[in-house]
Each structure stands twice: as structure tokens, then as C-alpha cells.
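All remarks here apply to the structure that follows.
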Amino acid sequence: MSPVPLSVLVVDDETPARSEMAWLLEQDEWIATIHQAASGGEALDLLHSTPIDVVFSDINMPGLGGMQLARVIARLPERPQVVLVTAYDEYAVDAFEIDVVDYVMKPVRPERLALAVTRCVGSSTPPATPDDERIPVDRGGVTRFVNRSDVRFVQAMGDYAELHTPDGTHLIRVPLNTLEERWAAAGFVRIHRSTLVCTRFVSELHMDDGRCTVTVDGTPLQVSRRHTRELRKHLLQGGDGDQ
């Protein structure tokens with residue numbers, strides 16, 4: 001992505017909403033140029049011919065919607081950042097697999113949009129870990145993003161998963177089984193039917209009368225008997241995965 005000021009593309013099939021978003025972005029000092037597209041297809045055509053730093057896209061659009069557009073953009077050789085805009089908060093879960101910078105709720109408030117732009121500016125350099133994943137977390141109507149590399153361990157909470165990071169816990173509606181499969185290559189290992197740990201943060205392993213516990217970021221966690229051998233093997237072989 002280019003250094004600031006930014007060239008942005010606003011995508012929305014509704015002209016009033018598109019015009020309002022463009023007007024709000026015009027007020028931001030970090031925005032240099034603003035392009036507009038009335039559909040996902042029109043946006044892709046413009047992306048192939050015009051350098052764009054950030055795409056602000058509505059989600060619900062006829063034809064190629066915002067989620068599909070973001071997935072296509074993710075495969076581009078020089079991809080812009082993406083901010084999804086919607087009136088429906090349930091799409092934050094679907095955005096889990098998409099490396100978007102932010103998720104802004106309609107009606108768009110100027111201060112919330114300014115925060116999204118600030119995040120784009122702050123993300124203008126490549127992350128230290130290119131294979132990292134950004135997880136959208138909804139809290140009080142505000143969606144923030146947590147890096148997978150900051151997650152120490154995960155605990156199941158019914159249909160939800162609780163992510164434990166240095167700055168607190170974050171609840172997402174993703175089953176633990178899904179995270180176990182998706183994050184295995186990043187060094188996450190199942191140690192209990194309700195717990196997943198990132199092995200690179202395991203500082204201690206204790207065996208006491210056949211029972212095993214590990215310490216992760218200062219927190220002791222129980223390891224079930226069925227997972228003890230696999231965990232010990234994983235730790236001793238240094239199978240931390242890539243973060």
C-alpha cells in the first residue's frame with residue numbers, strides 16, 4: 001500500500017449512501033482522491049486500471065456483494081485494504097476469514113469513519129508476520145480486530161470461543177473445532193475438549209501423578225489425558241508452527 005495521503009474507492013449500489021460516504025471521506029486530511037463504484041463488478045474494473053489504497057464497500061449489493069468483493073481483492077497481486085460497511089452486525093462473523101482492516105456499521109458516524117481511516121493509515125506497512133490473521137470482535141456495537149499472533153489460548157463457551165490475549169478476553173461466535181483446524185499450522189494445539197493453546201506461549205509443563213498442566217502466559221491450564229502425549233511430543237519436537 002502507498003504512503004498517505006490515500007486514494008480510496010467507495011462502493012455502494014445506493015447513490016445517496018455512496019455520495020454521503022464520499023463526502024465524509026473528503027473531510028479527512030488523510031484522503032487524497034476518492035473514486036466511486038455502483039457495484040462490485042464496477043469496482044473490480046476500476047481496481048484493474050486505477051491505483052487504490054483502500055476500498056470502502058457496502059456488503060449488501062446486487063450481484064457481487066461486499067464480502068465476495070473482499071475475497072476477490074484478497075487474491076489480487078497488489079491488493080488495497082478493505083473496510084466493510086453494513087447495517088447488519090451478523091456479517092462480522094463471516095468477515096473472520098477475510099483480512100479486512102475494519103467493519104463499520106451504518107448509519108456511519110463521522111468519528112467512527114475517521115477511526116477506520118486512522119486504522120488504514122496505521123496498517124500502511126506490511127505486518128511483521130504476513131501470515132497473521134485479523135479476527136473481528138464485536139463489543140458493544142463496535143467491531144475491533146484482534147491479531148491471531150496475540151492470542152495465547154482459546155476456551156470454548158458453547159457455540160462461542162473466548163480468545164485470551166494480553167489486553168483481555170474476546171468472545172467470537174466460532175466453534176473451537178473450527179479454530180483448531182484453521183490454526184493448527186500456526187502452532188495451536190488442543191489440550192482439552194474445551195481448550196486450545198498456542199504452544200509458543202507455553203512456558204511450563206507439569207506432570208503430577210499422571211496429570212498434566214501447562215502454564216500459558218502465567219495461566220495454569222489442565223491437559224486432558226488423551227491430549228497429554230500429543231502435547232508433550234509437540235513441545236519436545238519444537239512444533240510451534242509459524243506465527
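The values are calculated or read from the model by the stated rules, or taken from the named source; none is laboratory data. For clarity, every value in this text was computed on a predicted model and none was experimentally measured. Counting neighbours? That spans all protein chains shown, and the Cβs are built from the backbone with ideal geometry, glycine included. Areas reflect the complete protein model, heavy atoms only, side chains present, ligands, DNA and RNA absent. Shrake-Rupley method; radii C 1.70, N 1.55, O 1.52, S 1.80 Å.
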- Give the ranking of Leu171, Leu231, Leu47 by solvent-accessible surface, highest area first, calculated with a 1.4 Å probe. Leu171, Leu47, Leu231
- Task: Compare Arg193, Arg211, Arg71 in a GNM of the chain, Cα atoms joined below 10 Å, and give the one with the largest fluctuation.
- Result: Arg211
- Query: Whose amide H sits under 5 Å from the amide H of Val223, counting only residues 5 or more places off or on another chain, with H placed in the peptide plane?
  - Reply: Cys212, Thr213, Val214
- Please build a GNM for the chain, connecting alpha carbons under 10 Å apart, and tell me which residue among Val101, Val216, Val197 fluctuates the most. Val216
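Please give the per residue accessible area of the chain, computed with a probe of 1.4 Å over protein heavy atoms only, in Å².
Details: 12620 Å² over 243 residues.
Result: 52 Å² of accessible area for each residue.
With the full set of protein chains in place, find how many percent of the accessible area of the chain is carbon and sulfur; take the probe as 1.4 Å. Don't skip to the answer; put the middle values down first.
Numbers: 6060 of 12620 Å².
Here it works out to 48 percent.
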- Task: Can you figure out the FRET efficiency of Ala87 with Asp167, using R₀ = 22 Å and their beta-carbon distance, to the nearest 0.05?
- Result: 0.15
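Efficiency by 1/(1 + (r/R0)^6): what FRET value for Thr215 and Arg182, r their Cβ-Cβ distance, R0 = 22 Å, to the nearest 0.05? Please list the in-between numbers first.
Numbers: r = 25 Å, r/R0 = 1.13.
Using R0 = 22 Å, I get an efficiency of 0.35.
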- Item | Residue-level accessible surface for Asp167, protein heavy atoms, 1.4 Å, Å² | 100
- Counting helices only, and only those DSSP H runs with n ≥ 4, report the 222 nm mean residue ellipticity of the chain as the sum of -39,500 (n - 2.57) divided by its residues, in deg cm²/dmol to the nearest 500. -7500 deg cm²/dmol
- Task: Report relative contact order for the chain in percent, whole number only (criteria: Cα-Cα under 8 Å, sequence separation at least 6).
- Result: 12
- Would you look at the GNM of the chain, springs on alpha carbons closer than 10 Å, and say which of Met67, Met21, Met207 moves the most? Met207
